[in-house]
């Protein structure tokens with residue numbers, strides 16, 4: 001079995017962080033330099049502090065709200081390695097999988113991490129570890145289909161393979 | 001064992017006799033709805049070398065978020081959308097007919113018992129007609145357009161039995177804000193909802209659509225009402241198919257059944273910045289209102305405009321408040337005009353805009369500035385949703401919006417309106 005392991009430093013967020021603060025409507029379609037500054041604007045300064053590979057640990061209902069794929073896409077483009085939350089808004093969650101951005105639900109994760117702790121996520125086994133505090137948690141496992149979508153680099157690549165198209 | 005509405009539809013869509021909550025299936029999608037996202041989808045598929053959809057006749061395209069085009073770039077995108085619709089052989093590019101969800105229902109694209117996916121979170125609206133309908137993003141829509149199917153988890157179902165007798169001033173919006181406040185906006189996360197009970201049965205289709213529409217604000221994937229005689233009446237003349245009642249099996253298994261007694265329920269208002277921050281209107285009176293907005297896929301229907309016109313007839317919008325009214329579709333606008341409602345609203349000082357999503361998602365035609373307060377008949381009041389992150393958005397029913405527009409502050413609609421759009425007692 002393949003092992004997809006993601007490690008990173010944790011930033012913590014609370015409950016009900018919605019898609020509209022991840023991707024405000026008036027930022028959709030703007031070039032990256034103009035769009036970047038308003039991502040997660042409910043937490044001023046975050047976009048300037050976050051480093052590539054960092055991981056967000058969040059409370060309940062991360063990504064509630066809109067169907068805009070820009071929400072997980074913005075976070076992925078910001079360089080975040082993953083989001084591990086108590087629970088997700090379902091459309092956001094599906095969008096994240098579809099664009100191969102690892103997001104995993106893991107009950108208990110919010111209490112198990114302090115900001116700055118080191119998190120390790122293994123996708124295939126849905127194992128979430130706090131390497132700083134030596135705690136291991138069980139996330140909600142992905143289906144084979146979801147693992148395949150992530151490993152292929154997104155649903156568009158799965159589609160390409162299925163239809164046997166090679167054009168770029 | 002019996003099946004819920006979600007289980008029945010996903011069993012049929014995946015070619016099985018029986019499915020159960022928790023199971024994963026590949027489901028055949030009966031209809032796909034794209035709004036302003038359509039050019040993005042079509043271009044992404046063309047880049048892959050895919051030049052035809054799996055079944056173009058199942059696809060409906062409606063432009064609503066940016067109608068009328070506020071910028072040249074948007075006008076170009078809409079022009080491109082029309083060209084791509086032609087190239088892909090779509091017969092249902094409806095252009096500017098109104099807000100996608102209203103148009104899908106009123107023009108007969110929603111049939112009970114079918115599975116519909118759309119590129120908008122409020123696609124749950126079609127559950128009011130007994131359809132399993134959910135929002136997805138553009139990448140998943142690309143996959144559905146190309147293949148006609150998508151993986152889905154069969155959801156557990158949470159049932160809300162709506163009982164009791166509505167007091168004066170009550171609309172279905174108040175019930176759903178109350179549910180969001182009492183049970184939380186995660187109550188149906190990843191799950192289906194079935195609204196049932198005598199109050200649900202007595203509701204008009206317009207009132208049902210408001211609840212199903214806001215199902216997504218409760219976390220739901222689908223938000224059903226049974227398709228009953230009222231549904232069949234509504235669909236007469238809109239669809240060619242013969243429509244039969246559709247509901248759950250009697251012995252279907254629910255994760256939980258919540259009893260919601262609406263007797264004595266006051267009109268509700270949700271405070272910034274979450275629909276779950278619901279309070280009785282009497283607790284938030286006196287909050288000043290800069291902009292009152294009546295519209296959206298949640299509450300821009302004829303029933304909503306009728307209530308607002310009744311309240312505003314012979315009265316004036318407060319000089320410090322602007323009231324914007326955006327009918328949910330061109331048909332709604334036409335019907336409201338024929339009924340004299342537009343005249344009444346205009347005389348009261350309301351501004352009538354063309355149909356579309358308007359300021360609800362913060363695009364244009366009434367976005368709000370920092371420091372302003374908007375009382376809105378829409379579905380979500382997230383920070384920055386309708387414009388500035390420093391603005392405050394309160395959610396309420398059309399009646400509460402109209403009454404508040406008169407006084408320039410959040411106002412109990414019962415002061416001006418003693419009726420209800422819900423039926424009293426046993427329906």
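Computed from the coordinates by the stated procedures, all read-outs in this text should not be read as laboratory data. Predicted, not measured: the structure shown is a model, and the values here were computed from it. Here the Cβ is made from the backbone with ideal geometry for all residues, glycine too, and neighbour counts use every protein chain on show.
Derived from the Cα gyration tensor, the three semi-axes of the equivalent ellipsoid of the range B:1-90 are 34, 15, 10 Å, largest first. Based on the reciprocal of the average 1/r between different C-alpha atoms, the Kirkwood radius for the range B:5-260 equals 18.7 Å.
Cα centroid separation, the range B:84-133 to the range B:359-427: 26 Å.
Placing dummy labels 7 Å off each Cα toward the beta-carbon, the span from residue A:120 to residue B:337 is 6.8 nm. Placing a label point 7 Å from the Cα of residue B:18 along the Cα-to-Cβ direction, the residues of the range B:232-260 with a backbone N closer than 16 Å are B:249-254. The range A:20-36 to the range A:54-74: how many Å between their Cα centroids? Here the answer is 14 Å between Cα centres. When only Cα pairs below 8 angstrom with a gap of at least 6 residues are kept, chain B shows a relative contact order of 19 percent. Taking B:300, B:113, B:366 in turn, the Gaussian network model of chain B (Cα-Cα springs below 10 Å) assigns the largest fluctuation to B:366. The tail of the calculated P(r) for chain B, taken as Cα-Cα distances beyond 42 Å, holds 10 percent of the pairs. Scaling the Cα radius of gyration of the range B:269-415 by the globular reference 2.2 N^0.38 Å produces a ratio of 0.93. Note that the range B:227-295 shows a convex hull volume over its alpha carbon atoms of 205 Å³ per residue. If the label point is 7 Å along Cα→Cβ of residue A:43, which residues in the range A:62-79 have backbone nitrogen under 19 Å from it? Under cut-off, by backbone N: A:62-66, A:70-79. Of the three principal axes defined by the Cα atoms of the range A:1-81, the extents in descending order read 42, 27, 26 Å.
Max-minus-min Cα coordinates of chain A on each principal axis give 47, 42, 25 Å, with the largest extent listed first. Within 10 Å of each residue's Cβ, count the other Cβ atoms and sort B:212, B:207, B:404, B:196 from fewest upward. Ascending Cβ contact count within 10 Å gives the list B:196, B:207, B:404, B:212.
Taking the square roots of five times each eigenvalue of the Cα gyration tensor of the protein assembly as shown, the equivalent ellipsoid has semi-axes of 36, 27, 25 Å, listed largest first.
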